[in-house]
Number of protein chains: 2
Amino acid sequence: MTSSLKKSVLIIGGGAVGAIAALNLEVGGLASVTLVLRSNYNAVSEHGFDIKSCDHGSIPAWKPSIVRNSIPDIIKESLPPYDYILLCTKNIPDIPPTVVNLVAPALPRNNTHTTLILLQNGLHIYRPFLETHPQTPVLSGISMIGSEETSPGQIIQDEGDKLLIGAFPNPNIDTPSSAALEFVNIYKNGGKTDCKLSEDVLHDRWRKLVYNACLNPICAILGLDTGRLRLAANGEVTEHLVRPAMQEIVEAAKANGVVLDEGVVQMMIDADPLQSYLSPSMYSDVRKGNFIEHENLLGEPLREGKKAGVKMPTIEVLYHMAKGIQWRTMEKRGMVDIPSKNV
Amino acid sequence: MTSSLKKSVLIIGGGAVGAIAALNLEVGGLASVTLVLRSNYNAVSEHGFDIKSCDHGSIPAWKPSIVRNSIPDIIKESLPPYDYILLCTKNIPDIPPTVVNLVAPALPRNNTHTTLILLQNGLHIYRPFLETHPQTPVLSGISMIGSEETSPGQIIQDEGDKLLIGAFPNPNIDTPSSAALEFVNIYKNGGKTDCKLSEDVLHDRWRKLVYNACLNPICAILGLDTGRLRLAANGEVTEHLVRPAMQEIVEAAKANGVVLDEGVVQMMIDADPLQSYLSPSMYSDVRKGNFIEHENLLGEPLREGKKAGVKMPTIEVLYHMAKGIQWRTMEKRGMVDIPSKNV
């Protein structure tokens with residue numbers, strides 16, 4: 001295959017997940033990647049990424065085909081539309097810009113050519129695009145990678161890249177499963193990763209929420225990694241907080257027609273080896289003073305579960321605590337007004 | 001009244017609450033106070049307390065009759081038994097020593113002379129003494145003071161000392177309400193404070209829990225003072241987290257025969273003026289790396305409520321989160337073993 005036949009892929013967000021996705025796509029030889037960076041742009045544009053990867057080995061000073069620090073405005077810049085846009089940023093609808101507005105310059109509202117892939121966690125994240133981009137095929141990407149950016153441009157991937165790709169529902173177009181299959185083939189062509197077609201996107205997203213809606217906020221709120229959480233109070237916090245929360249997600253999924261496998265709660269409790277002391281992303285975000293993705297990870301499953309008549313008292317508390325934490329971050333960033341103290 | 005007729009009062013714990021209690025008792029002229037200090041002993045024994053008080057004015061370099069840095073061992077030291085022992089420490093049954101063991105050298109198990117007063121928060125804190133000191137009259141002290149020790153020995157009291165004293169139940173002795181009345185008279189003799197007999201100790205303790213079981217842990221967990229908590233997420237955290245938690249305490253009290261006043265939930269939500277941005281004690285403790293009193297503030301009302309058939313899902317989550325926070329403090333103090341990290 002010659003270079004001109006390569007698919008053009010725009011990746012927005014070049015942190016630990018986006019950088020490995022870019023590397024993997026370029027290594028496969030079927031894609032040419034434009035990577036949009038923000039906080040690490042200067043480091044990467046000057047020195048490239050230094051990547052230590054269990055899939056790819058040690059790769060110093062690596063860059064994808066194009067590195068940018070802004071979203072391409074394909075009309076103003078007279079660029080051809082991308083074949084794929086891969087969104088690897090956080091998805092935080094309560095803090096502007098929304099992902100719809102973020103991607104807008106590279107994805108005209110009447111687009112039919114570009115396939116959008118949301119490599120982000122949470123439920124129903126495609127729904128805003130149904131309104132703004134009704135003819136755009138939108139795919140779900142669920143990543144189970146373990147990777148971290150230790151400092152700008154320094155990526156350590158210590159757990160293999162597992163990616164599930166599938167089509168989100170869209171009543172306006174034929175289910176774009178052919179686009180999903182094509183992207184899977186492009187992604188896995190390098191032979192280094194485990195990329196598969198998701199047979200049931202909704203099932204896979206609810207399943208991942210059993211971990212993400214529970215361990216993410218509980219670790220973030222308590223300031224404990226997943227290993228310490230299992231040790232805390234001789235396992236009592238797991239039994240009386242984590243397990244009930246996970247069970248509520250399983251019930252909410254069931255009431256929404258998604259039957260998860262029998263042992264999923266125990267499997268998610270044990271998912272991280274105790275002695276690896278991992279920090280779920282929401283806990284890392286809180287420590288770094290970043291905003292958290294509680295609307296898609298907690299708010300949506302809570303709303304869907306309650307709508308279907310499921311009682312979710314634990315998730316309800318976690319959700320409103322997450323709102324408090326988000327507000328605290330907004331205050332730290334000067335985004336809310338605090339009346340002066342009466343002395 | 002001559003000095004020899006003064007009642008002897010041992011106060012254990014000379015922080016912001018104990019220091020003002022000592023001052024108040026000595027100012028009243030009917031008591032001679034021995035005050036046991038720990039972390040601030042050196043500062044106070046050398047320079048005394050510097051007290052700025054809305055009740056007493058500015059009092060520099062003040063000391064009670066006796067200042068000590070250990071609990072008096074009345075047998076070994078051949079001391080007469082105290083008339084009153086006032087416990088002003090935290091009460092944290094899950095972290096040794098228990099208050100029973102703490103007070104033991106000054107209060108023999110067969111004591112009948114000394115009246116013990118527990119100036120501490122929470123439910124059923126007298127129960128351990130029923131077993132170890134069956135013949136000791138035990139009084140409840142509920143303090144509504146606003147005072148703070150800003151550095152060792154430096155006390156600022158900016159809210160009047162309001163104290164409710166009453167007898168805890170004890171089937172082995174006549175209800176020691178005469179001792180309660182006597183102590184009220186000693187305490188209020190200086191004319192500076194509002195000290196009253198509690199007509200219903202259980203009612204008063206459940207009522208204070210509407211604040212303490214809810215705002216204490218929620219502020220501690222979210223890292224927000226009571227003013228910010230009310231502002232957070234446009235009041236949503238108050239409506240969906242604080243109010244349901246308080247309502248559960250009201251229901252648990254009711255199921256235990258204690259009917260609280262109709263408007264108590266709203267009254268407690270509004271108790272601290274928004275623009276005073278106050279930190280409930282549990283939040284202060286977490287910030288200082290101290291242990292928290294979650295067993296008496298959350299665990300006991302939760303157990304009593306559930307025993308009486310009340311559903312308390314919000315308090316249940318708060319209680320187990322508090323357990324996680326306590327464990328985190330234990331880890332920081334080297335009190336738990338963490339298996340080494342697998343790399």
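Side notes on the structure shown:
- Lys, Arg +1 and Asp, Glu -1 on Cβ, resulting dipole of segment B:204-332 about Cα centre, debye, nearest 20: 320 debye
- Excluding ligands, DNA and RNA and using a 1.4 Å probe, chains A and B jointly bury around 3200 Å² of accessible surface, summed across both partners.
- GNM on chain B, alpha-carbon springs under 10 angstrom: the most fluctuating residue among B:G324, B:G15, B:G160 is B:G324.
- Under a model in which nothing but the beta-carbon of Lys, Arg (+1) and Asp, Glu (-1) is charged, segment B:111-238 shows a dipole of about 140 debye around its Cα centre.
- Think of each Lys and Arg Cβ as +1 and each Asp and Glu Cβ as -1; about the Cα centre, that makes the dipole of chain B roughly 640 debye.
- Cα gyration tensor shape for segment B:204-332, rounded if a/c is under 1.5, else prolate or oblate: oblate
- Accessible solvent surface per residue of segment B:3-199, calculated while the other protein chains remain in place, 1.4 angstrom probe, Å²: 44 Å²
- Trypsin sites (Lys or Arg not before Pro) lying in DSSP loop within segment A:85-164, provided at most 14 other Cβ fall within 10 Å: A:R109
- GNM flexibility winner over chain B from B:L102, B:L25, B:L297 (Cα, springs under 10 Å): B:L102
- When chain A is turned onto chain B, its residue with the beta carbon nearest the axis, and that distance in whole angstrom, is A:P313, 2.
- The angle between the Cα long axis of helix A:243-255 and the main principal axis of chain A comes to about 60°, on a 0 to 90 degree scale.
- Compactness of segment B:116-188, taken as the C-alpha radius of gyration over 2.2 N^0.38 Å, stands at 1.29.
- With K and R counted +1 and D and E -1, the other residues having a Cβ less than 11 Å from that of A:L241 yield a net charge of -1.
- Structure-based [θ]222 nm, chain A - -39500 (n - 2.57) summed over DSSP H runs of at least 4, per residue, nearest 500: -10500 deg cm²/dmol
- Label-point separation in nm, B:H113 to B:N69, each point 7 Å along Cα→Cβ: 2.8 nm
- Leading residue at positive end of dipole, the protein assembly as shown (Cβ point charges), from B:L118, A:V286, A:V184: A:V286
- Relative contact order (%) - criterion: Cα under 8 Å, at least six apart; region: segment A:161-286: 28 percent
- Rg ratio (alpha-carbon, reference 2.2 N^0.38 Å) - segment A:165-231: 1.56
- Working note: Debye formula, equal point scatterers on the alpha-carbon atoms of segment A:217-283, no solvent; log10 I(q)/I(0) at q = 0.12, 0.25, 0.28 Å⁻¹ is -0.32, -1.12, -1.26.
- Cα point-scatterer Debye curve for chain A, base-10 log of I(q)/I(0) at q = 0.06, 0.14 Å⁻¹: -0.22, -1.22
- GluC sites (Glu not before Pro) within segment A:123-212: DSSP coil, no more than 13 neighbouring Cβ in 10 Å: A:E199
- Cα point-scatterer Debye curve for segment B:177-269, base-10 log of I(q)/I(0) at q = 0.10, 0.19, 0.24 Å⁻¹: -0.37, -0.88, -1.09
- For B:P280, the shell of other residues with beta-carbons less than 10 Å away shows a net charge of -3, using +1 for Lys and Arg and -1 for Asp and Glu.
- Across A:S65, A:S53, A:S143, mean-square fluctuation computed from a Gaussian network of chain A (C-alpha pairs under 10 Å connected) peaks at A:S65.
- Taking chain B and dividing mean pair separation by its residue count, relative contact order in percent (alpha carbons under 8 Å, at least six apart): 15 percent
- Whole-number D in µm² s⁻¹ for segment B:106-238, Kirkwood Cα-pair radius fed into Stokes-Einstein, 20 °C, 1.002 mPa s: 126 µm²/s
- Distance violations [Cα-Cα > 28 Å] among A:K323/B:K254; B:K162/B:K288; A:K76/A:K332; A:K192/A:K254; A:K311/B:K254: A:K323/B:K254; A:K76/A:K332; A:K192/A:K254
- Overall, the accessible surface of chain B at a probe of 1.4 angstrom is composed of carbon and sulfur to the extent of 51 percent.
- FRET efficiency for B:N172 and B:N290, using Cβ-Cβ distance with R0 set to 35 Å, rounded to 0.05: 0.50
- Cα-based Kirkwood hydrodynamic radius, segment A:3-199, one decimal, Å: 16.8 Å
- Radius of gyration (Cα atoms) of the protein assembly as shown, expressed as a multiple of 2.2 N^0.38 Å: 1.17.
- Paired Rg and Dmax values of segment A:47-137, which use every Cα atom, in angstrom: 15.4, 43
- Inter-centroid distance (Cα atoms) of segment B:63-97 relative to segment A:42-110, Å: 66 Å
- Rough spin-label spacing in nm, given labels placed 7 Å along Cα→Cβ, for B:E148 and B:T132: 3.3 nm
The values are calculated or read from the model by the stated rules, or taken from the named source; none is laboratory data. Small disclaimer: the values here were computed from a predicted structure and weren't measured. With ideal geometry, Cβ positions are generated from the backbone for all residues, glycine too; neighbour counts draw on all protein chains shown. Accessible surface is based on the protein model in full, side chains and every heavy atom, while ligands, DNA and RNA are left aside. Shrake-Rupley method; radii C 1.70, N 1.55, O 1.52, S 1.80 Å.
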